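Engineer: Quick one: this structure, given as structure tokens, is what I'll be asking you about.
Coordinate-derived values only; no laboratory data. On a predicted model such as this, the values are computed, not experimentally measured, just so you know. Every residue, glycine as well, gets a Cβ built from its backbone with ideal geometry; the counts of neighbours run over all protein chains shown.
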Amino acid sequence: MIAETVCSAVSVAGLGIAAVTAYRKRFLAAARIAAYSLVPIGLVMTGAVGWLADTAFSPTAWAGFVVLGGAWLLFMVTRAIERRGGGTRKERKAAKAATEAQAVAPAASAPSLGQTTRPAAARPAAKPASEDFSDIEAILKKHGI
């Protein structure tokens with residue numbers, strides 16, 4: 001009964017603030033404030049506040065939350081151990097054998113990209129370091145730096 005009265009008072013106060021905000025020609029903010037202020041009275045009307053009040057003062061409900069938390073914690077710990085360890089001993093041995101078998105590819109001696117058309121000697125030589133910065137020097141001189 002007290003929770004419903006408090007929620008109703010909060011909603012009325014919020015609607016009053018929304019009215020003052022709308023009077024100041026800030027209609028978007030007033031609509032947002034009105035939306036927030038209608039939430040408590042909506043929760044009272046749906047019965048969520050009564051359920052929450054009954055749950056908050058029930059030792060059985062708190063014990064249920066503790067059990068749910070323990071189950072979640074146990075689930076997360078087992079997932080972390082499974083990811084870290086890789087499962088059972090047989091699974092780890094099978095995974096190790098599979099990675100060792102795939103370590104050497106059977107056709108690894110052939111080049112993967114194929115032969116190039118030009119020989120390595122015909123490639124253009126790298127520019128000297130002074131030519132690399134010539135365009136940057138020209139831009140800096142143009143701006144007087």
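Engineer: On a full-extension model of 0.36 nm per residue, what is the gain between K141 and A35, subtracting their alpha-carbon distance, rounded to one decimal in nm? Don't skip to the answer; put the middle values down first.
Structural biologist: On the way: separation 106, 0.36 × 106 = 38.16 nm, distance 6.15 nm.
Here the segment from K141 to A35 would lengthen by 32.0 nm.
Engineer: Right, something else. Any idea what the relative contact order of the stretch 1-102 is, in percent, if you count C-alpha pairs under 8 Å spaced at least 6 apart? Each step should come with its number before you reach the end.
Structural biologist: Numbers: 49 pairs, mean separation 21.7, N = 102.
Answer for the stretch 1-102 is 21 percent.
Engineer: Right, something else. Hull surface divided by four, with the convex hull built on the Cα atoms of the stretch 25-75: how many nm²?
Structural biologist: Working: hull surface 22.8 nm².
Mean shadow area of the hull around the Cα atoms is 5.7 nm².
Engineer: Let me check I've understood the local charge: for A19, count other residues with C-beta under 15 angstrom from its C-beta, Lys and Arg +1, Asp and Glu -1. What total comes out? Don't jump to the answer; show the numbers that get you there.
Structural biologist: Details: positive: R24, K25, R26, R32; negative: none.
With Lys, Arg at +1 and Asp, Glu at -1, the net is +4.
Engineer: On a full-extension model of 0.36 nm per residue, what is the gain between R26 and A97, subtracting their alpha-carbon distance, rounded to one decimal in nm?
Structural biologist: Separation in residues times 0.36 nm, less the Cα-Cα distance, equals 18.6 nm.
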